[in-house]
1. Pick out which of A251, A53, A279 has the largest mean-square fluctuation in a Gaussian network model of the chain, springs linking Cα atoms closer than 10 Å.
2. Give me log10 I(q)/I(0) at q = 0.11, 0.20, 0.25 Å⁻¹ for segment 144-240, Debye formula, one equal scatterer per alpha-carbon, no solvent.
3. Just to confirm the filter: which trypsin sites (Lys or Arg not before Pro) across segment 24-55 are DSSP coil and have at most 10 other Cβ within 10 angstrom of their Cβ?
4. Working from Cα positions, state the angle (0 to 90°, nearest 10) between the long axis of helix 14-27 and the longest principal axis of the chain.
5. For the chain, set up a GNM with springs between Cα atoms under 10 Å and report which of F323, F290, F278 has the largest fluctuation.
6. So what's the net charge close to A53: Lys and Arg +1, Asp and Glu -1, counting the other residues with Cβ under 13 Å from its Cβ?
7. What is the distance in Å between the Cα centres of segment 292-366 and segment 111-152?
8. Tell me the angle of helix 335-346 to the major Cα principal axis of the chain, expressed in degrees between 0 and 90 and rounded to the nearest ten.
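The values are calculated or read from the model by the stated rules, or taken from the named source; none is laboratory data. Owing to the predicted nature of the structure, the values given are computational and were not obtained by experimental measurement. Quick reminder, even Gly has a Cβ in these numbers, built from the backbone with ideal geometry, and neighbours come from all protein chains shown. Side chains included, ligands, DNA and RNA excluded: accessible areas come from the protein's heavy atoms. Shrake-Rupley method; radii C 1.70, N 1.55, O 1.52, S 1.80 Å.
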Amino acid sequence: MQTAQRLKKIPPYLFMTLRNKIKDARARGVDVISLAVGDPVDPTPEPVIEALAKAARDPANHRYPTDEEWGMLAFREAAARWYKRRYGVDLDPAREIIALIGSKEGCHHFALAAINPGDLVLVTDPGYPGYKPSIWFAGAEPYPVAMREEQGFLPDLDEIPSDVARKATAFYLNYPNNPTGAVATRAFLDKLVEFAQAYDIAICYDNPYSEIVFGVERLSFLNAPGAKEVGLELNSLSKPFNMTGWRIGMACGNPDLVAAIAQVKSNTDSGIFNAIQFAGVEALDNGDDFTAKMLEIYRVRRDKVLATLRELGWRYDSPKGTFYLWVPVPKGYKSAAFCDFLFDKCAVVVSPGAAYGRNGEGYIRFSLTVNDSRLDEALKRMRETLPKLEFP
Ligand code: PLP
């Protein structure tokens, strides 16, 4: 059977590969603990589930959710209230917000809505593995912009060659950052807007971890003056409300880009089940305390992992954002080789940094979205099985 040429460029999706590895090992009877995927095991808040159940019983919600093509106005209004309350950002629900099937969908549909074949598109390296395939699907080419530890994993915009910046038409970024756990600053966001204005680059600011920060202010790209003129922000209910399986998020910001995504979507999918949108309203309006509780859970888990890593020889500071720990590999290992070593010794799976881009080599990523007893067991195995490790 013929399959599309464009698929030949796309590497296997990282987490599919890891899932298969885990499945195979479990089939062989190995008690695998995965600290790889960022997918909370803790449940969605009960009132959100109740709101879904109530809305699911109403036959009006059983029909195509296309009456309001950009997502239910009630959902978009709740998103606007959340942005105002949590970030101090004003959004017009009628023109500046569209509901999404998660921010991953937004990354993909932004590419189809904003990028032309042959374009050059800036993308941070390391970066979320979803960006490059979307850029390729749009017929464009990604250009990696390095993020380095010594610069707090924020790209140095002055380092981007001016001929590249002039040719580039879009830029994908994400802070709080997967995989590094780095956070942006207001100064960086201001500079990003200036850069986008100077080179006429559309910003796709992917912000599903906006709520997962420790000891620093929550930031939206839209906090930066002029941000709405140069781009949009993708956000999601997945991470703050443990709703990864529900598939709901939003794109907010520049009205032309939001309308362009709406045009792609109306020719691609038929929107999000209304009952899920009603549940989303409940999460956005009443979920702040729940998010705070989850942050405390992640803080405790993070400190446990840090204590074990330090015992084993790692020198590594707490990340300020996300529920990931991005730690250097010991001396003598490449990232994939160290992941294999950890898997063979402890049956613990973590993500290899190299899967996030060339600059991800030399790191591995731990996710804190596993339950406490499994995390404790993984750390116990590491303490009992790993030798004292050496670092450069
Ligand atoms: N963007 C980044 C940077 C992510 O890490 C993830 C999920 O891990 C997503 C997007 C996808 O999130 P959603 O569940 O909202 O589609």
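1. A53
2. Taken in order of the listed q values, log10 I(q)/I(0) reads -0.30, -1.01, -1.51.
3. Details: sites: R26, R28, K54; in loops: R28.
Sites meeting the loop and neighbour criteria: R28.
4. Relative to the chain, helix 14-27 is tipped by roughly 50 degrees.
5. F290
6. Values: positive: K54, R57; negative: E46, E50, D58, E282.
The answer is -2.
7. Value for the Cα centre distance between the two parts: 24 Å.
8. 60
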